[in-house]
Amino acid sequence: MTQYSYSRVSLFNDCHYHYDLRYNQRLTEIPKFDADNPLIIGRALHSGVEHDVTTAIQDYFNEFPVLTDAIIEESMKLEILIPKVKEFLEQFSDCEFIHEYKIDHDDFIGYVDLIITAPDGTSMVMDFKYSNHIKNYMDSGQLHIYKDRLEQDGFKVKRLAYLFVPKTSIKQKKDEDLFHFRKRLVQAVEESNLTFVPIEFKEMESVYFLNNTRKIEKTTDFSKRNNSGNCFSCIPRFAPDYLEIITDYKGDMIMQLPSAQRRNVEKVTKRVIWLYGAPFTGKTTFANGFPNPIMLNTDGNIRFVDAPYLRIANEVTSTGRVTNTKLAWDIFKDALFELEKKNNEFKTVIVDLLEDTFEACRLYMYEKLGIEHEADNSFKAWDMVRTEYLSTMKRVVHLDYENIILISHEDTTKDVTKKSGDKITAIKPNLQEKAALKIAGMVDIVGRVVADDDDRRIVFKSKDYVFSGGRLPNLPVSEIELDVDQLFDVYDEANKNLHASKNKPKSEENKDEPSRSNENADKTEESNTPNERRRTRRNSEDSSKTEKVDTEEQSVDEEKPKRERRSRKTEDESEQKEEKPRRQRRERKPVEDDTPPGEDALAEEEETPKRTRRTRRTRD
């Protein structure tokens, strides 16, 4: 029997077509790594309410391939909003909290954000919404269906309510630096208020839900789009990006690739890997060690490898006085077309370098559009270039070969500003950012190749500012030697972990807004986990221990350079006294408002003694 969730039925009512793509064809959706992604924010918010802020922020960071300034700013909002929610819940201190209770019936599945059970045994069902659009939820049948289902599980539900956590969406002004923008952002979030909205129970909502499930069972034609007129997936800006579908820049489907066969999680039949690193770290040589490889090479770095290769570069030919040029992107697509025929004995396809293929795609589109740069047609040129490139890369990852290897150089030219104001260098592939995030969602594993003399390794996840990602979760190790056999072992172990993780509850159900239910629909329909109750009181001690350990480790990682500088200054106190007058003359910055937004008292105490000396001098 099919298990229906509220979001699944809502998607059917909004759009038969996108319901069919998600639930009948079960296409693979490429994740969106926007800093304000409501699904990611919602999971972090629930983690903070159930555990603590430190856990929530780290969980939030772990959702992204690499940190950006926008992600830091969203984390600063969470640091303010989570304590507000916890303070609101203090009025129920004599009650028992059950977080993310899973309703797992034969015909229904859902996750309840919070059940508050009073001493008299009655319960209130509370659903958190990270939204300012309160009116959009008043006609939702979600809580009413939950009440009926929870009463079947033995709960005495007497009250239903939404708790709206406000969204703060302000942008940095053109003449505003990052420090003052974040200060204004923190002030706006601090001034925002939660909204608690009780809901009157409507018993007919469960009847409507059952009628809709019967309608789904009888439907055979799913071609109708935007039935309700509210389908966000039908708008190109919000449309889900499926790995198996190639679209144009308007969002219209050009072709649909064959859906990948379901693989045995105990045995890997295909690997899609993206490796990046500094030049001369051994990436190409490592890829050469895969079985029966063919290299689509762009930089001519094939002198030390023996694999067959195709040169991806412009070809210039002359016929008499006529000179003809075949662009590199045309050659790349022709090679891809031949590989799709499968009339060869290759088992591994290597694209080296990925960023060169993106530049080749840009030049191809320049000629096609008759422009010299995307800015010449800023309304659509950027989207057309990126769509052409990503559509072709979908064909690459769908090639029917055992191994697909993508290789890039790394880029260390961009900094990320932490909430403390310190800058840290982001390490990521040398590819345009939006394209890189999409590629990260297409591959199984993203690994950074690092070399220290003869010690060469693949690092999968080390720091938040180091780009990582991929669709294969639960990697058993954070790094391995640059060895093909070890990488195969990582794949096998990760797939076993993926199989085991199906018995764990997930919290992706019903975290989306009604207007976007089709975009953030529940992805855990087939979980076989029995009902579980995660109780706050039982986990309070463990969460507090985790918070202490995480805080200590984070402070060590982030403050290590500062401590080294302070230790060097402390070694010779006599030199400090001699230099004191000069340091006083150099300090001309005002004392007022010198603390970056988001910093707490502990961070102020860990700063260098300059601020203390300024304060004493001011008093004198």
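What's the FRET efficiency of GLU359 with TYR208 using the Cβ-Cβ distance as r and R₀ = 45 Å, to the nearest 0.05?
0.25
For the range 1-87, what is the convex hull (Cα atoms) projected area averaged across all directions, in square nanometres?
Over every viewing direction, the Cα hull of the range 1-87 projects on average to 7.6 nm².
How long are the semi-axes of the ellipsoid equivalent to the range 348-410, from square roots of 5 times the Cα gyration tensor eigenvalues, in whole Å, largest first? Before the final figure, lay out each step's value.
Working: eigenvalues 137, 30, 14 Å².
Listed largest to smallest, the semi-axes of the range 348-410 are 26, 12, 8 Å.
So what does LYS333 come to for accessible area, using a 1.4 Å probe and Å² rounded to 10?
50 Å²
Taking the Cβ-Cβ separation of PHE304 and LYS434 as r and a Förster radius of 45 Å, what is the calculated FRET efficiency to the nearest 0.05?
Computed FRET efficiency for PHE304 and LYS434: 0.85.
So if each residue of separation counts as 0.36 nm, and I subtract the Cα-Cα distance between GLU372 and GLU90, what length gain in nm does that give?
The span from GLU372 to GLU90 would gain 95.5 nm if fully extended.
Gain in length, LYS423 to ALA278, computed as 0.36 nm per residue apart minus the alpha-carbon separation, to one decimal in nm? Spell out each step's value before the answer.
Numbers: separation 145, 0.36 × 145 = 52.20 nm, distance 2.13 nm.
Extra length from LYS423 to ALA278 when fully extended: 50.1 nm.
Dividing the alpha-carbon Rg of the range 177-246 by 2.2 N^0.38 Å yields what?
For the range 177-246, the normalised Cα radius of gyration is 1.94.
Highest first, please rank the peptides 274-287, 445-458, 186-199 by the mean number of other Cβ atoms sitting within 10 Å of their residues. Let's see the in-between values first.
Numbers: 274-287: 20.7, 445-458: 17.6, 186-199: 14.1.
Output ranking for 274-287, 445-458, 186-199: 274-287, 445-458, 186-199.
What's the Cα-based Rg to Rh of the range 101-185, Rh via Kirkwood?
1.21
What is the packing order of peptides 315-321, 409-415, taking the mean over residues of other C-beta atoms within 10 Å and listing the highest first?
The packing order, highest mean first, is 409-415, 315-321.
The values are calculated or read from the model by the stated rules, or taken from the named source; none is laboratory data. Everything numeric here is computed off the predicted structure, so don't read it as measured data. Neighbour counts are summed over all protein chains in view; Cβ atoms, including those assigned to glycine, are modelled from backbone coordinates with ideal geometry. For the accessible areas, the whole protein counts, side chains as well, though only heavy atoms, and no ligand, DNA or RNA atoms are used. Shrake-Rupley method; radii C 1.70, N 1.55, O 1.52, S 1.80 Å.
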